[in-house]
Amino acid sequence: MRVVIAEDLFLLREGLSRLLTAHGCEITAAVDNGEDLLRALLDQRPDVAVVDVRLPPTFTDEGLRTALEARRQIPGLPVLVLSQYVEQLYARELVADQSGGVGYLLKDRVADVDSFLTALEDVVSGGTVLDPQVVAQLFARRRADDPVRRLTPREREVLGLIAEGHSNTAIARALVVTPGAVEKHTQHIFAKLGLTQDEDQHRRVMATLAYLRG
């Protein structure tokens, strides 16, 4: 797996580089600003970019904006964003193009190496991965007319796990139910959200977007 890293903190940038290299990844570039990030992504076309939201020179949303610009020029470029805090606008914008291959994790998730590497692999394979804290905060601020409010508590729980990027099998394990039960819940969720498309992965992304619009 070829990886470009963008992180302005030297120790974290080096730590990520060493961690990923130790697990068989090739770090094609490790940069500390948006301009160098865009150049590296366009020139090297990595398998995935691991990007801090806040980079020089603005230290606001430079990393995310650069990643989004790269995805416009390289459609479907997988991007895993790391952030110190839950920033809802950024999470919404990241998945707004509905093309998958995106993730939003809090930086402390990197300490759980197995979960971090699994999230990275899911993003590379085209999945959408959201930190559980991001999901929890997004669910806490729903509009009164939001169709997600029509879901049962169990369906909301399943949708939350879908938004985190889990497969039906993983959801079944987490909730201690059968995969068939999870499939029934997902079909009910899609119906209540008005998602009638035939392609299941597309509906999962659309359901995640509905989840984020609250």
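The charge dipole of segment 34-105, taken about its Cα centre with unit charges on the Cβ of Lys, Arg, Asp and Glu (plus for the first two, minus for the last two), comes to roughly 140 debye. The angle between the Cα long axis of helix 10-22 and the longest principal axis of the Cα atoms of the chain comes to about 70 degrees, rounded to the nearest 10.
Helix 179-192 and the long axis of the chain differ in direction by around 90°, with both axes built from C-alpha atoms. Share of carbon and sulfur in the accessible area of the chain stands at 52%, probe radius 1.4 Å. Take the Cα of Arg39, step 7 Å toward its Cβ, do the same at Arg2, and the gap between the two points is 1.8 nm. The label-point distance for Thr118 and Gln84, in a model that sets each label 7 Å from Cα toward Cβ, rounds to 2.8 nm.
Using +1 at the C-beta of Lys and Arg and -1 at the C-beta of Asp and Glu, which of Gln133, Pro147, Gly160 has the Cα lying farthest in the positive direction of the dipole of the chain? Looking along the dipole axis, the top candidate is Pro147.
Given axes a ≥ b ≥ c from the Cα gyration tensor, I'd like to know whether the chain is rounded (a/c under 1.5), prolate (a/b larger than b/c) or oblate. Prolate. Put a dot 7 Å past the Cα of Glu157, heading toward its Cβ, do the same for Leu12, and the two dots end up 3.3 nm apart. For the listed peptides 75-83, 58-66, a ranking on the average number of other beta carbons within 10 Å per residue, highest first, reads 75-83, 58-66.
Amide hydrogen proximity for Val51: with H placed 1.01 Å from N in the peptide plane, the residues at 5 or more positions away or on another chain lying under 5 Å are Ala6, Leu80, Val81, Leu82.
The values are calculated or read from the model by the stated rules, or taken from the named source; none is laboratory data. Treat the numbers as computed from the prediction; the structure is a model and nothing was measured. For neighbour counting, all protein chains shown are included, and Cβ atoms are generated from backbone atoms with ideal geometry for every residue, glycine included. All accessible areas refer to the heavy atoms of the entire protein, side chains included, with ligands and DNA or RNA removed. Shrake-Rupley method; radii C 1.70, N 1.55, O 1.52, S 1.80 Å.
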